[in-house]
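This report concerns only the one structure given below.
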Amino acid sequence: MPKLTGRYAMLDQLVAEGVKYVFGNPGTTEQVFMDALQEYPQLEYILSLQEGVATGVADGYARASGRPAFLQLHIMPGLGNAMGMLYNSYRTGTPLVVYAGNHPQRGSSQEPILFGDLVRLAEPLTKWSIEAQDAAEIPVLMRRAFKMAAEPPRGPVFISVPTNVMDEEADVDITPSNRVDRRTHPDPEAAEQIARLFAEAKSPVIIVGDGVSVSGGQAELVRLAEATGSRVFTSFAAELPFPSKHPLFGGLLAVVSASMLRGQLAMADLIVAIGTPMLTLLFPLDEPPFSPNAKIVHIDDDVRKIGKNWTVDVGVLADPRLALADVLDALNRAQ
């Protein structure tokens with residue numbers, strides 16, 4: 001294994017991950033990173049004049065490319081400036097790997113200017129937040145960060161690296177992060193049960209979110225809506241999971257008015273949520289906004305979302321596109 005300082009270990013790992021752009025706004029605690037970056041012409045730095053802007057640009061690139069973007073922020077105030085945009089990335093599942101430099105480990109107890117607990121600040125709006133304790137950890141943590149950011153449910157992760165760790169030397173292993181195929185089909189019996197519910201329903205509604213877009217299931221969603229005559233609503237989606245000009249598109253679910261939301265769902269005897277939390281709203285509801293007799297189905301690749309707030313009749317952990325395709329196949333077999 002090569003012996004590298006922390007700064008070169010980080011940059012070599014970025015190259016191994018296929019990173020082309022670094023988005024950010026640097027400061028003194030990232031100076032060693034910026035100095036070493038000049039030796040990597042294959043990595044282009046995209047400078048923003050405020051951390052919120054840098055986070056927004058990185059978010060857009062991650063969504064357009066479909067892979068984690070690398071975002072560099074500056075210690076406590078810089079991370080604080082980014083938190084508003086980072087909230088959006090966290091709630092909409094944007095894969096980001098966020099790095100900020102920190103003061104040297106020695107002397108931090110004196111609480112110098114810009115000092116703060118970066119890990120604790122980032123924790124509420126990231127899937128994982130950690131500080132590297134030595135140079136040997138940097139490529140390991142970077143690989144884990146890229147892996148976690150891309151895995152369902154996608155989202156930001158954060159790594160703090162003290163400046164002395166970036167200067168330390170260590171034997172390191174530079175290899176790309178592992179990619180785990182987590183696209184799973186639903187159980188065949190579950191797909192057939194959902195198909196039967198669609199066949200029996202007189203007024204079905206489908207609620208969709210970014211999970212459909214991320215999985216590439218838009219075409220299957222259109223086919224399912226047309227095959228079942230389902231009205232389709234989008235819920236808290238940053239992408240476009242269903243064509244807005246389609247005659248079955250019902251628009252956005254009302255996130256502010258409980259009465260409007262009940263009006264949208266009151267006549268549905270079957271509600272199928274796919275690739276989205278079940279009703280992400282601005283204000284909490286005291287009771288479900290759908291008919292007591294409606295059957296509720298929830299399909300998602302994040303098990304924590306399924307049945308989180310409302311009781312479901314069928315809950316399925318599966319890739320949204322594969323689940324849509326399997327339900328369509330079950331419908332075709334039943335005809």
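The values are calculated or read from the model by the stated rules, or taken from the named source; none is laboratory data. All values derive from a computational prediction rather than experimental measurement. Because the Cβ atoms are built from the backbone with ideal geometry, glycine has one as well, and the counts that use them run over all protein chains shown. The protein model used for the area step is the full one, side chains on, heavy atoms only, and it has no ligands, DNA or RNA in it. Shrake-Rupley method; radii C 1.70, N 1.55, O 1.52, S 1.80 Å.
Odds and ends about this structure:
- Hits in the range 101-130 (condition: in contact with a Pro (Cβ under 7 Å, 6 or more places away or on another chain) and either closer than 20 Å to residue 9 by Cβ or modelled with pLDDT under 95 (or both)): 102, 103, 104, 105, 114
- The range 122-153 - residue that is open to solvent by 50 Å² or more (accessible area, probe 1.4 Å) and not hydrophobic (A, V, I, L, M, F, W, C) and, of those, nearest to the chain's Cα centre (by Cα): 127
- Residues that are over 21 Å from residue 196 (Cβ atoms) and open to solvent by 60 Å² or more (accessible area, probe 1.4 Å), drawn from the range 224-237: 236
- Residues that are over 10 Å from the mean Cα position of the chain (by Cα) and either of a type outside the set (A, V, I, L, M) or surrounded by fewer than 20 Cβ atoms within 10 Å (Cβ to Cβ) (or both) within the range 154-163 comprise 158, 160, 162, 163, listed in sequence order.
- Of all residues making up the range 58-82, the number that are open to solvent by 50 Å² or more (accessible area, probe 1.4 Å) and more than 23 Å from residue 12 (Cα to Cα): 4
- Take the conditions (1) open to solvent by 30 Å² or more (accessible area, probe 1.4 Å); (2) under 30 Å from residue 332 (Cα atoms); (3) of a type outside the set (Gly, Ala, Ser); (4) touching a residue at least 60 places away in the same chain (Cβ under 8 Å); residue 221 misses just one of them, which is (1).
- Filtered by the rule that a residue be in a loop (DSSP other than H, G, I, E, B) and open to solvent by less than 50 Å² (accessible area, probe 1.4 Å), the range 7-25 gives 17, 18, 19, 25.
- Qualifying positions in the range 198-218 - part of a helix (DSSP H, G or I), farther than 14 Å from residue 322 by Cα and open to solvent by less than 30 Å² (accessible area, probe 1.4 Å): 198, 210
- Checking residue 177 against (1) under 22 Å from residue 277 (Cβ atoms); (2) in contact with a Phe, Trp or Tyr (Cβ under 9 Å, 6 or more places away or on another chain); (3) of a type in the set (Gly, Ala, Ser), the condition it does not meet: (1)
- Within the range 284-335, the only residue that satisfies the criterion of being within 19 Å of residue 230 (Cβ to Cβ), assigned to a loop (DSSP other than H, G, I, E, B), open to solvent by less than 20 Å² (accessible area, probe 1.4 Å) and in contact with a Lys or Arg (Cβ under 7 Å, 6 or more places away or on another chain) is 289.
- Residue 53 being outside any loop (DSSP other than H, G, I, E, B) and of a type in the set (A, V, I, L, M, F, W, C): yes
- Residues (of a type in the set (A, V, I, L, M), part of a loop (DSSP other than H, G, I, E, B) and touching a Phe, Trp or Tyr at 6+ places or on another chain (Cβ under 8 Å)) located in the range 219-246: none
- For the range 250-279, a tally of residues being free of Cβ contacts under 8 Å to residues at least 60 places away in the same chain and open to solvent by less than 40 Å² (accessible area, probe 1.4 Å) returns 7.
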